[in-house]
Amino acid sequence: MHAVTDWLSRLSGPVVYAVVGALVFAEDALFFGFVLPGETAAVLGGLLAHQGKVELGWMVLVVVAAAILGDSTGYEVGRRLGPAVLGTKPMRRHADRIEGARDLIRRRGPVAVLLGRFVAFFRALMPALAGVSRMPYRRFLLYNALGGLIWGVGFTLLGYFAGSAYSRVEGTVGRSLALAVAAAVLAALLVWRVRSHRRESRRKEDRSGRGGD
């Protein structure tokens, strides 16, 4: 991630907006989240705004717009090509998780679009699955826009204020300790995500067990 940040910081402002926006857009429109989660791009955008490479307000606008447009494109891909895309070899490797996303849509309806925005794997697939299920587009767009707004503002500001905290720590106690603090925060986030995934898996197993009784 540090290498990506260094690379982006050497680009001009308009190019930074374009790169971050393209990564956020591609996650939902082209299932690019399997390579680089859009939340990482949003956080990097906020970090670069803190460094003065771009304007925070414009970066928030770019991230939110890319998230909403990416979801809408993913919806159209799912509506027109969904079964063919989901039948590809890369998608078949994630069959269990795709079924979990479909189950979430069946249980929650359009709310699943909003909830899925905050889980990396679901964020990449939920728009297409909403299209496959023929969810009315106006209903999809409402929850898509709400989720994109909350997610885009939240993760961009997270990067901005994380950059501010990093600068304060680095200036006070030196670069090495600042890196250690940053590593600890990332480790804590990783543990939280792993535990959340395990809890979700246990819930699915419990539901499967009850269904088999």
(request) Considering every residue within the range 121-128, establish whether at least one is of a type in the set (Gly, Ala, Ser) and open to solvent by 10 Å² or more (accessible area, probe 1.4 Å). (result) no
(request) Could you run through the range 38-82 and say how many residues are open to solvent by 30 Å² or more (accessible area, probe 1.4 Å) and over 16 Å from Ala162 (Cβ atoms)? (result) 14
(message) Tally up the residues in the range 136-159 that are part of a helix (DSSP H, G or I) and open to solvent by 30 Å² or more (accessible area, probe 1.4 Å), please.
(response) 15
(message) Within the range 105-120, take every residue that is among the hydrophobic types (A, V, I, L, M, F, W, C), closer than 21 Å to Val43 by Cβ and not in a loop (DSSP other than H, G, I, E, B) and give me the one that is most open to solvent (accessible area, probe 1.4 Å).
(response) Leu115
(message) For Gly131, only one of the following conditions fails: (1) farther than 26 Å from Val43 by Cβ; (2) surrounded by fewer than 22 Cβ atoms within 10 Å (Cβ to Cβ). What is its number?
(response) (2)
(request) Being at pLDDT 75 or above, out of contact with any Leu (no Cβ under 8 Å at 6 or more places or on another chain) and either farther than 13 Å from Tyr75 by Cα or of a type in the set (Val, Ile, Thr) (or both) narrows it down to one of Phe140, Phe118, so name that one. (result) Phe118
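The values are calculated or read from the model by the stated rules, or taken from the named source; none is laboratory data. Only a predicted model underlies this, so the values are computations on that prediction, with no experimental measurement involved. Cβ sites come from the backbone with ideal geometry, for glycine too, and all protein chains shown count toward neighbours. Heavy atoms of the whole protein, side chains included, go into the accessibility calculation; ligands, DNA and RNA do not. Shrake-Rupley method; radii C 1.70, N 1.55, O 1.52, S 1.80 Å.
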